[in-house]
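Visitor: Got a structure for you, written out below as structure tokens; questions coming shortly.
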2 protein chains.
Amino acid sequence: MAQKPSTPKGTRDFSPVEVAKRNYIFDTIKSQFEKFGFQPIETPSFENSETLMGKYGEEGDRLIFKILNSGDFLKKANEKAYLDKDSNKITASISEKALRYDLTVPFARYVVQHQSEIEFPFKRYQIQPVWRADRPQKGRFREFYQCDADVVGSESLWQEVEFVQLYDAVFTALGLTGVSIKINNRKILSGFAEVIGEKDRLIDFTVALDKLDKIGEEGVKKEMLEKGISSEALEKIQPIFNKEGSFSDKIDILTGILTSSETGKQGIEELRFVYNAVTELGLDTATLELDVTLARGLNYYTGAIFEVAAPATIQMGSIGGGGRYDDLTGIFGLKNVSGVGISFGLDRIYLVMEELGLFPETVTQNTRVLFINFGEKEALYALKAIRDLRQKGISAELYPEDAKMKKQMNYANKREIPFVVLAGVEEMASGKFGLKNMKTGEQQKLTIEELTSGLK
Amino acid sequence: MAQKPSTPKGTRDFSPVEVAKRNYIFDTIKSQFEKFGFQPIETPSFENSETLMGKYGEEGDRLIFKILNSGDFLKKANEKAYLDKDSNKITASISEKALRYDLTVPFARYVVQHQSEIEFPFKRYQIQPVWRADRPQKGRFREFYQCDADVVGSESLWQEVEFVQLYDAVFTALGLTGVSIKINNRKILSGFAEVIGEKDRLIDFTVALDKLDKIGEEGVKKEMLEKGISSEALEKIQPIFNKEGSFSDKIDILTGILTSSETGKQGIEELRFVYNAVTELGLDTATLELDVTLARGLNYYTGAIFEVAAPATIQMGSIGGGGRYDDLTGIFGLKNVSGVGISFGLDRIYLVMEELGLFPETVTQNTRVLFINFGEKEALYALKAIRDLRQKGISAELYPEDAKMKKQMNYANKREIPFVVLAGVEEMASGKFGLKNMKTGEQQKLTIEELTSGLK
């Protein structure tokens, strides 16, 4: 019975053109990852449920896709949950595996499992899809790629410096100039909470501060007051609401605010180190900005926090992010391994590049030349030439049937194949090939050698 | 709480070396696919269950990984199945999605869904993982990649010719010479059943014949007799048990046997066409063999059947296979679209290449040069040079900490980085860099220009 076919909600097919453009981004990122000394790993699409569950908070756990056990899975179902018809409680007893939710937890699992084979510091990159049972909405999908580079096993700040360079190198290579690499440090945020005497309200404080772009200074202050932060406290940190000023101006302001916090001062030192080194080394097309409102997953990061914004002309959320985390592998029993990493948001980068017209034309170029099929003998003559061309690296096709000329030319047009070869009995007799440029309409009779060099 | 981490049964992590080798195979295959005019598509990892279920037989359905619905999935569970605790019957009501089992059915779904955007004949390739809940065993995994190239929308036999060339081109490019491309035709098998008067026993007949390599001539005959095929019938086809002889000898023998079967004669004509064209065009390193015992998924193929065997020196099952199928998209409501395609068995090709030592050394080469870290000023001096090198395409790393020399050199050794740069105060003063070849131990003092050209 015929079904009306479709893809599941929140998932996508990718056409040849889309695959080519996505691969262009992937390949550019990979190439820079490798120049920076990162090595690729891959992990399975699904993990044992206990590897993933409990790592992303309650909301995260709900969004993990669970795989149903094979065979007579109800036999092992938790009896009480079965009687109670409790979907939540029964899950663990009928599902042992789950689709990867991100690349970070599988990476931590990998490092712990393979620690004896790994040379630390371990610089790895990983480009694979992840799955989330999110409500699908514009620009948010249930299957999407993550592109992560991380270093584990060293606390050196040179890595923060290199990640700023890496962002700059990738976006420069993509032609996406003018991105802004925002940096902050968790220790600065802790310092703020400390100097205003609200160490215990660090989360509330940061969550509110993070909304500055969205709800403005008054909104943030209102939220902070509601959370019980005093107006005297807010006065102490008043200067941080001013997002203007250079990196070093902001460092000076922070130094003024955070004099009484050791943690805060350490955060300033770390920012200063990264800023000085990056200034000394120079960036190609990106700028480094200090944004003290930047928090991202605060419970997660312990040092530097990164986020990349598209050029100011483009309306788009962050196209990359990352930071330092101090105990990622601890959840799997390997303590004291510091890590730092960054991530690239493929789907958003794709949209930005489309909007700015940054994909080179050659990216989507497929077959270079189509040979028209005039019949059996001519097709064989064509295939001999095609074999030659392919061996010289030129992609070439024979139209599989001796269909009407118009149909074959139409195929070349629709597929946007730039050249067509016509070789009938006449050309065969003279050992030549008629080459037609589909754009200009120009036609030439060429030998195989001329054809090859003409198409190269 | 610390967990002992592991991957699920039948799945694998891939280390940097393994990823590099796998990508070498993928990239080689892709590059040939594209030279032959195939275009990449990608489909989601999971499909709606109704897209997959019922397409692979009962056994196949059981091996499909089902994804549990999110939320309170038991609420919508089939009530009767729930009362009966019937795992089989309840599945459809608590699971709407399933992981892709192969690339063929999703491809058929893609073609039907996007038929208005597609230019036929549509030459697509697809390289993505698939999942099967098979019992894991040596060389069989629950997650593995398929690499498929198919053409739909044309019945032309030139495509069979091109697929033989494509196999030859890929294996030649991989350095895997001497593979044997076996070809058969479903119409030949139908012809056999016809001339022995056992049209209805085609499946039994073919299943038995397919075992010739395993159980020998006597075994096959015994099985056929047991299935009710007469000994007179077997006498008629006696010559097919002889696997010796050239392609054209075998064609002659078939012509003798199949005189009374129109279908059989058509099969012979198709084989002859492919053989003649391939002979005329020539193959680089593979050979084309006629193997009338070759059946593969018989219910599926309607014309040519392909299978590729590794060089005779290697013990390994088939490393590729494919064939023509006449109504793949019919299951989704698009009738009369003929297709033909081939597939490459990545995991087995990998094993064969390992055994024969065919991976080029450069495949696993990662970072080309490590800069030793002597402290903050030296590190900055190093990073300036590193930036230069990376921009010239050379992958370079700074050891992130000014650790003991021995530790840093050890890291370079273990990572198999071929060059190390030492640049301390002395080198900085003269604007030079000490380059050490880790293999020969040779050391030189070089300017940045000399360093760049030396490392290229």
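The values are calculated or read from the model by the stated rules, or taken from the named source; none is laboratory data. Model, not experiment: these values are computed from the prediction. Neighbour counts run over all protein chains shown; Cβ positions are idealised from the backbone, glycine included. Side chains included, ligands, DNA and RNA excluded: accessible areas come from the protein's heavy atoms. Shrake-Rupley method; radii C 1.70, N 1.55, O 1.52, S 1.80 Å.
Visitor: Kindly list the number of the only condition in (1) over 28 Å from A:A173 (Cα atoms); (2) in a loop (DSSP other than H, G, I, E, B); (3) among the hydrophobic types (A, V, I, L, M, F, W, C) that fails for B:M409.
Guide: (2)
Visitor: With the structure loaded, tell me whether B:R124 is more than 7 Å from every other protein chain (Cβ to nearest Cβ), of a type in the set (D, E, K, R), within 18 Å of the chain's Cα centre (by Cα) and assigned to a helix (DSSP H, G or I) or whether it fails that test.
Guide: Spelling it out, it is not the case that B:R124 is more than 7 Å from every other protein chain (Cβ to nearest Cβ), of a type in the set (D, E, K, R), within 18 Å of the chain's Cα centre (by Cα) and assigned to a helix (DSSP H, G or I).
Visitor: Now for a separate question. Is segment B:390-400 home to any residue that is of a type in the set (S, T, N, Q) and within 20 Å of A:F38 (Cα to Cα)?
Guide: Start the filter on segment B:390-400 by keeping residues that are of a type in the set (S, T, N, Q), which leaves B:391, B:395.
Remaining after also requiring within 20 Å of A:F38 (Cα to Cα): B:391, B:395.
Yes, the conditions are met somewhere in segment B:390-400.
Visitor: While we're here: Which numbered condition trips up A:E270, out of (1) in contact (Cβ under 8 Å) with a residue 60 or more places away in the chain; (2) over 30 Å from B:A385 (Cα atoms)?
Guide: (2)
Visitor: Collect the residues in segment A:340-364 that are within 14 Å of chain B (Cβ to nearest Cβ) and either open to solvent by 10 Å² or more (accessible area, probe 1.4 Å) or modelled with pLDDT under 95 (or both), keeping them in residue-number order.
Guide: Residues satisfying the conditions are A:D347, A:Y350, A:T362, A:V363, A:T364.
Visitor: Oh, and also: Considering B:P129, B:P136, which residue is more than 10 Å from every other protein chain (Cβ to nearest Cβ), within 30 Å of A:I90 (Cα to Cα) and surrounded by fewer than 22 Cβ atoms within 10 Å (Cβ to Cβ)?
Guide: B:P136
Visitor: Please go through segment B:219-237 and pick out each residue that is open to solvent by 90 Å² or more (accessible area, probe 1.4 Å) and more than 18 Å from B:V292 (Cβ to Cβ).
Guide: B:K222, B:E226, B:K227, B:E232
Visitor: Further question: Counting only residues that are in contact with a Leu (Cβ under 8 Å, 6 or more places away or on another chain) and farther than 25 Å from A:S45 by Cβ, which one in segment A:83-98 is nearest to the other protein chains (Cβ to nearest Cβ)?
Guide: Here the answer is A:K85.
Visitor: Filter segment A:250-295 for residues that are within 14 Å of chain B (Cβ to nearest Cβ) and open to solvent by 50 Å² or more (accessible area, probe 1.4 Å) and give the result.
Guide: Hits for segment A:250-295 are A:E269, A:R272, A:Y275, A:N276, A:T279, A:E280, A:D284.
Visitor: Something else: For segment A:38-72, name all the residues that are of a type in the set (A, V, I, L, M), open to solvent by 10 Å² or more (accessible area, probe 1.4 Å) and not in a loop (DSSP other than H, G, I, E, B).
Guide: Start the filter on segment A:38-72 by keeping residues that are of a type in the set (A, V, I, L, M), which leaves A:41, A:52-53, A:63-64, A:67-68.
Filter again for open to solvent by 10 Å² or more (accessible area, probe 1.4 Å), leaving A:53, A:63.
A:L63, the sole residue that qualifies.
Each row is one residue, and each column tells you yes or no for (1) touching a helix residue (DSSP H, G or I) at 6+ places or on another chain (Cβ under 6 Å); (2) of a type in the set (D, E); (3) not assigned by TED's automatic domain parsing to the domain that holds B:A173.
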{"site": "B:N373", "(1), (2), (3)": "yes, no, yes"}
{"site": "B:A382", "(1), (2), (3)": "no, no, yes"}
{"site": "B:K406", "(1), (2), (3)": "no, no, yes"}
{"site": "B:V421", "(1), (2), (3)": "no, no, yes"}
{"site": "B:E442", "(1), (2), (3)": "no, yes, yes"}
{"site": "B:K445", "(1), (2), (3)": "no, no, yes"}
{"site": "B:I448", "(1), (2), (3)": "yes, no, yes"}
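Yes/no matrix, rows are residues, columns are (1) of a type in the set (K, R); (2) modelled with pLDDT of 95 or more:
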{"residue": "B:Q115", "(1), (2)": "no, yes"}
{"residue": "B:P136", "(1), (2)": "no, no"}
{"residue": "B:E162", "(1), (2)": "no, yes"}
{"residue": "B:N185", "(1), (2)": "no, yes"}
{"residue": "B:R201", "(1), (2)": "yes, no"}
{"residue": "B:D210", "(1), (2)": "no, no"}
{"residue": "B:D213", "(1), (2)": "no, no"}
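Visitor: Output the number of residues of segment B:106-121 satisfying the condition of being surrounded by 24 or more Cβ atoms within 10 Å (Cβ to Cβ) and among the hydrophobic types (A, V, I, L, M, F, W, C).
Guide: 2
Visitor: Scan A:K75, A:K80 and give me the residue that is more than 24 Å from A:V105 (Cβ to Cβ), open to solvent by 20 Å² or more (accessible area, probe 1.4 Å) and at the interface with chain B (Cβ under 8 Å from one of its Cβ atoms).
Guide: Testing whether each residue is more than 24 Å from A:V105 (Cβ to Cβ), open to solvent by 20 Å² or more (accessible area, probe 1.4 Å) and at the interface with chain B (Cβ under 8 Å from one of its Cβ atoms) leaves just A:K75.
Visitor: Can you tell me how many residues in segment A:241-257 are in contact with a helix residue (DSSP H, G or I) (Cβ under 7 Å, 6 or more places away or on another chain) and at pLDDT below 90?
Guide: Adding up the residues that qualify gives 1.
Visitor: Return the pairs, sorted by first residue and then second, in which the second residue is surrounded by 16 or more Cβ atoms within 10 Å (Cβ to Cβ) and assigned to a loop (DSSP other than H, G, I, E, B), the first residue lies in segment B:420-445 and is aromatic (F, W, Y), the beta carbons are less than 8 Å apart, and the residues are 6+ apart or on different chains.
Guide: B:F433/B:A423
Visitor: Moving on. Only one of these conditions is not met by A:K4: (1) at pLDDT 95 or above; (2) surrounded by fewer than 18 Cβ atoms within 10 Å (Cβ to Cβ); (3) within 26 Å of B:Q39 (Cα to Cα). Which number is it?
Guide: With (1) at pLDDT 95 or above; (2) surrounded by fewer than 18 Cβ atoms within 10 Å (Cβ to Cβ); (3) within 26 Å of B:Q39 (Cα to Cα) applied to A:K4, the lone miss is (1).
Visitor: Could you figure out which of (1) of a type in the set (D, E); (2) touching a helix residue (DSSP H, G or I) at 6+ places or on another chain (Cβ under 6 Å); (3) open to solvent by 20 Å² or more (accessible area, probe 1.4 Å) isn't true of B:E160?
Guide: Every listed condition holds for B:E160 apart from (3).
Visitor: Any idea how many residues of segment A:377-430 are open to solvent by 30 Å² or more (accessible area, probe 1.4 Å), closer than 20 Å to B:L283 by Cβ and charged (D, E, K, R)?
Guide: Looking only at that region, the number is 4.
Visitor: Output the number of residues of segment B:327-364 satisfying the condition of being in a loop (DSSP other than H, G, I, E, B), in contact (Cβ under 8 Å) with a residue 24 or more places away in the chain and under 30 Å from B:G175 (Cβ atoms).
Guide: 4
Visitor: Of all residues being within 35 Å of the chain's Cα centre (by Cα) and part of a loop (DSSP other than H, G, I, E, B) in segment A:387-403, which is nearest to A:I372 (Cα to Cα)? Just the residue, please.
Guide: A:S395
Visitor: Which one of A:T329, A:T279, A:T313 is in the same structural domain as A:L52 (by TED's automatic domain parsing) and under 27 Å from B:E378 (Cα atoms)?
Guide: On the way: A:T329 fails: under 27 Å from B:E378 (Cα atoms); A:T313 fails: under 27 Å from B:E378 (Cα atoms).
When all the criteria are applied, what remains is A:T279.
Visitor: What do you reckon, is A:A277 of a type in the set (A, V, I, L, M, F, W, C) and at pLDDT 90 or above?
Guide: Yes: the conditions hold for A:A277.
Every residue, every condition in (1) part of a helix (DSSP H, G or I); (2) out of contact with any Lys or Arg (no Cβ under 9 Å at 6 or more places or on another chain), yes or no:
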| site | (1), (2) |
| --- | --- |
| A:E217 | yes, yes |
| A:M224 | yes, no |
| A:G245 | no, yes |
| A:G267 | yes, no |
| A:A277 | yes, yes |
| A:L294 | no, no |
| A:I305 | no, no |
| A:T313 | no, yes |
| A:G322 | no, no |
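Visitor: Since A:I29 meets every condition but one in (1) facing another protein chain (nearest Cβ under 8 Å); (2) within 26 Å of A:I118 (Cα to Cα); (3) among the β-branched types (V, I, T), which condition does it not meet?
Guide: (1)
Visitor: Out of B:T177, B:T172, which single residue is closer than 27 Å to A:D388 by Cβ, within 11 Å of chain A (Cβ to nearest Cβ), at pLDDT 95 or above and surrounded by fewer than 23 Cβ atoms within 10 Å (Cβ to Cβ)?
Guide: Going through B:T177, B:T172 in turn, the sole match is B:T172.
Visitor: Can you name the residue in segment A:139-152 that is within 10 Å of chain B (Cβ to nearest Cβ) and surrounded by fewer than 21 Cβ atoms within 10 Å (Cβ to Cβ) and, of all such residues, is nearest to B:E397 (Cα to Cα)?
Guide: Top of the filtered list is A:E143.
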